[in-house]
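Colleague: The structure's right below; bear with me while I get my questions together.
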Amino acid sequence: QKEVEQDPGPLSVPEGAIVSLNCTYSNSAFQYFMWYRQYSRKGPELLMYTYSSGNKEDGRFTAQVDKSSKYISLFIRDSQPSDSATYLCAIGESASKIIFGSGTRLSIRP
Amino acid sequence: ETGVTQTPRHLVMGMTNKKSLKCEQHLGHNAMYWYKQSAKKPLELMFVYSLEERVENNSVPSRFSPECPNSSHLFLHLHTLQPEDSALYLCASSQEALGLNYGYTFGSGTRLTVV
């Protein structure tokens, strides 16, 4: 079993839809939970990070962590074509032990 | 310049060549990283320099050699690479304090092709 699992997609939704992206992990010691967005030909860009269970909101983005289920989610409200990118979860137990998911490719149809 | 800058953006090299990738961060961060990104695979951590100490991933072949002369600059020296080393090489930096990490800032990467 991989330490971090992420559905690679691709995921295609119409503009304005709510998008749900998810990752599962296996190590209960993990305490860093991050989401990155990567546009084509660019490096990943940090969207959200959290160290605790619960929800964290930033504009149209909400990160959710359920440590009991070892499951994290990123929700995008009112999705826009500019949200089309690959989304990477990153989970780990220390600063130098972050494991990335394989990424979910998201396409928002106008 | 702001953020994390990587040069060159693209590199084509033969298997017998020696080249270096350069990374510079202008954020005042105290940790720098090299990651390898191959198609349809997760980002793989290669090397970490945290508070000037190097932490290695033992699965990285010796044909990759990092150098971190100061907290703002990071190099990855390449020699006698193999075609399977072709990938996007990403540099990142972060600020670490009291064992916490506040997320990475990545550069745009160097697209390496080994022929």
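Only the coordinates and a few stated rules stand behind these numbers; no lab work does. Quick caveat, the model's predicted, so the values are computed rather than measured. Cβ sites come from the backbone with ideal geometry, for glycine too, and all protein chains shown count toward neighbours.
Colleague: Sorted by packing (mean other beta-carbon atoms within 10 Å per residue), highest first, where do A:84-90, A:3-9 land?
Modeller: A:84-90, A:3-9
Colleague: Another question about this same structure. Given H placed on each backbone N at 1.01 Å, which residues far from residue B:102 in sequence or on other chains put an amide H within less than 5 Å of it?
Modeller: B:95
Colleague: List the pairs from A:2/A:42; A:70/B:22; A:56/B:22; A:2/B:18; A:42/A:67 whose alpha-carbon separation is above 29 Å, in the order I gave them.
Modeller: Going by Cα-Cα distance, A:70/B:22; A:56/B:22; A:2/B:18; A:42/A:67 fall outside the 29 Å limit.
Colleague: Sticking with this one: Below 8 Å between Cα atoms, with a sequence gap of 6+, how large is the relative contact order for chain B in percent?
Modeller: It comes to 37 percent, rounded to a whole number.
Colleague: May I ask for log10 I(q)/I(0) of the stretch B:1-63 at q = 0.12, 0.17, 0.28 Å⁻¹, from a Debye sum over the Cα atoms as equal point scatterers with solvent left out?
Modeller: Once normalised to I(0) and log-transformed, intensities are -0.39, -0.80, -1.33.
Colleague: Please grab the % of Cα pairs in the stretch A:51-94 that end up more than 13 Å from each other.
Modeller: 62
Colleague: Also: In whole Hz, with x marking every Gly and Pro, tabulate ³J(HN,Hα) for the stretch A:60-68 from phi via Karplus 6.51 cos²θ - 1.76 cosθ + 1.60, θ = phi - 60°.
Modeller: In residue order, the calculated couplings are 7, 9, 10, 9, 10, 10, 10, 5, 5 Hz.
Colleague: Can you give the log10 of the normalised intensity I(q)/I(0) at q = 0.07, 0.08, 0.15, 0.18 Å⁻¹, computed with Debye over equal Cα scatterers of the protein assembly as shown?
Modeller: For the requested q values the scattering log ratios are -0.22, -0.29, -1.01, -1.36.
Colleague: Chain B: Rg/Rh from Cα coordinates, Kirkwood Rh?
Modeller: Ratio of gyration radius to Kirkwood radius: 0.95.
Colleague: Same structure, new question: What does the convex hull of the Cα atoms of the stretch A:1-101 come to per residue, in Å³, rounded to a whole number?
Modeller: 102
Colleague: Please report the antiparallel percentage of DSSP beta bridges with both residues in the protein assembly as shown, rounded to the nearest 5.
Modeller: 90
Colleague: Given C-alpha coordinates of the stretch B:39-97, what is the ratio Rg to Rh with the Kirkwood estimate of Rh?
Modeller: Radius of gyration relative to Kirkwood radius: 0.96.
Colleague: Under a straight-distance cross-link criterion of Cα-Cα below 18 Å, which aspartates and glutamates are reachable from residue A:97, leaving out those fewer than 8 residues away in the same chain?
Modeller: Counting by Cα, and skipping residues close in sequence, residue A:97 has these aspartates and glutamates nearby: A:3, A:5, B:44, B:52, B:53, B:56, B:96.
Colleague: Oh, and also: Quick one: dipole size for the stretch A:16-96, taken about the Cα centre, charges +1 on Lys/Arg Cβ and -1 on Asp/Glu Cβ, in debye to the nearest 20.
Modeller: The calculation lands at about 120 debye.
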